[in-house]
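Asker: Mind looking over this structure? Questions follow.
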């Protein structure tokens with residue numbers, strides 16, 4: 001088996017190379033000089049040869065423009081990376097290859113009052129979400145495709161949000177730690193996501209699937225769980241809640257309810273969905 005890992009310099013790809021049982025069969029692609037070169041802004045993807053992807057059984061696509069400010073200020077750039085590049089990619093891969101396209105829980109709009117399911121109609125709230133949603137449609141034009149909607153966190157894999165929060169918790173014992181109570185989601189740890197990707201590579205389901213933890217929690221509760229596991233005897237008064245993310249410009253594009261029902265992937269693979277508390281405990285040892 002040969003796996004092409006696209007966007008290999010990103011956090012999820014680094015986690016895949018670190019945790020996956022298939023890492024030895026994986027060829028990383030990115031603009032990094034130590035990887036096979038690929039550039040989704042290049043008319044021909046910048047590939048060394050046009051037939052390069054014909055050799056790979058599995059294409060794991062993690063490339064995305066995730067900076068929401070850039071997406072909003074440069075929508076053409078967002079759609080080029082998150083949507084149009086996928087259509088371009090399909091012209092280079094083998095028709096029989098298995099495409100794993102990583103998407104986001106943000107395609108679900110903030111007006112939902114329940115756990116989102118894969119079959120519901122969505123009205124994305126921002127350019128990032130709408131460009132990713134369009135990218136899903138392009139990916140599904142390849143018959144042998146899974147679109148995996150998820151929201152993951154990790155430590156030590158590329159300066160993630162979780163890294164910054166844990167650094168705040170540990171670096172200054174008096175610094176307040178903040179979180180929003182009006183944004184809810186169902187995140188999974190990077191190791192759990194990679195474990196699911198390994199199962200997906202083996203069983204090769206197709207279609208759209210959610211993958212998140214069992215619980216729906218707020219950003220504040222997520223930060224509080226990290227705090228509890230990092231500093232079991234820490235001062236809980238350091239935790240501060242912001243009831244409205246709308247007061248903070250950098251988060252004004254985010255959906256408020258990104259909670260997902262992941263029973264479809266659980267039933268398809270036979271894998272029990274992770275608990276957030278168990279996931280964090282295993283991540284922070």
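None of the figures in this text is laboratory data; all of them are computed from the coordinates on show. Please read these numbers as outputs of a predicted model, since none were measured by experiment. Note: ideal-geometry Cβ built from the backbone for every residue, glycine included; neighbour counts use all protein chains shown.
Asker: Give the whole-number value, in cubic angstrom per residue, of the convex hull volume spanned by the C-alpha atoms of the range 6-61.
Answerer: Per-residue hull volume (Cα only) is 84 Å³.
Asker: Can you tell me the 0 to 90 degree angle between the C-alpha axis of helix 190-203 and the longest principal axis of the chain, rounded to 10?
Answerer: 30
Asker: Once every DSSP H run of n ≥ 4 in the chain is given -39500 (n - 2.57) and the sum is divided by its residues, what mean residue ellipticity at 222 nm do you get, rounded to the nearest 500 deg cm²/dmol?
Answerer: -9000 deg cm²/dmol
Asker: Then there's this: Express in nm, to one decimal, how much length is gained between residue 96 and residue 51 on full extension, taking 0.36 nm for each residue of separation and deducting their alpha carbon distance.
Answerer: Full-extension gain reported as 14.8 nm.
Asker: On to the next question. To the nearest 10 degrees, how steep is helix 161-171 against the longest Cα principal axis of the chain, on a 0 to 90 scale?
Answerer: Long axis of 161-171 versus the principal axis of the chain: about 40 degrees.
Asker: Let me ask something additional. Angle, helix 219-230 long axis vs. longest principal axis of the chain, Cα atoms, 0 to 90°, nearest 10?
Answerer: 80
Asker: I've got another one for you. Where the centre of each part is set by its Cα atoms, how far does the range 258-272 sit from the range 27-74, in angstrom?
Answerer: With the range 258-272 and the range 27-74 each reduced to a Cα centre, they are spaced 28 Å.
Asker: Label-point separation (nm) for residue 277 and residue 170, each offset 7 Å from Cα along Cα-to-Cβ?
Answerer: With each label placed 7 Å out from Cα toward Cβ, I get 2.3 nm.
Asker: Considering only C-alpha atoms, what is the centroid distance from the range 151-204 to the range 123-147, in Å?
Answerer: Using only Cα atoms to place each centre, the spacing works out to 23 Å.
Asker: Based on the Cα coordinates of the range 175-236, what is the per residue volume of their convex hull in Å³?
Answerer: 102
Asker: Using Cα pairs closer than 8 Å and at least 6 residues apart in sequence, work out the relative contact order for the chain, in percent.
Answerer: Relative contact order comes out at 19 percent.
Asker: Let me ask something else. May I ask for the Kirkwood hydrodynamic radius of the range 99-200, worked out over all distinct Cα pairs and given in angstroms to one decimal?
Answerer: 15.9
Asker: Name the shape class, rounded, prolate or oblate, that the alpha-carbon gyration tensor gives for the range 81-154, where a ≥ b ≥ c are the square roots of its eigenvalues, rounded holds for a/c under 1.5, and otherwise prolate holds if a/b is larger than b/c and oblate otherwise.
Answerer: prolate
Asker: Another one. Please work out whether the range 1-134 counts as rounded, prolate or oblate from its C-alpha gyration tensor, where a ≥ b ≥ c are the square roots of the eigenvalues and a/c under 1.5 means rounded, while otherwise a/b larger than b/c means prolate and anything else oblate?
Answerer: Since a/c reaches 1.5 and a/b is larger than b/c, the shape of the range 1-134 is classed as prolate.
Asker: Given the Cα atoms of the chain, and with Rh set as the inverse mean 1/r over their pairs in the Kirkwood sense, what is Rg to Rh to two decimals?
Answerer: Checking Rg against Rh, the ratio lands at 0.96.
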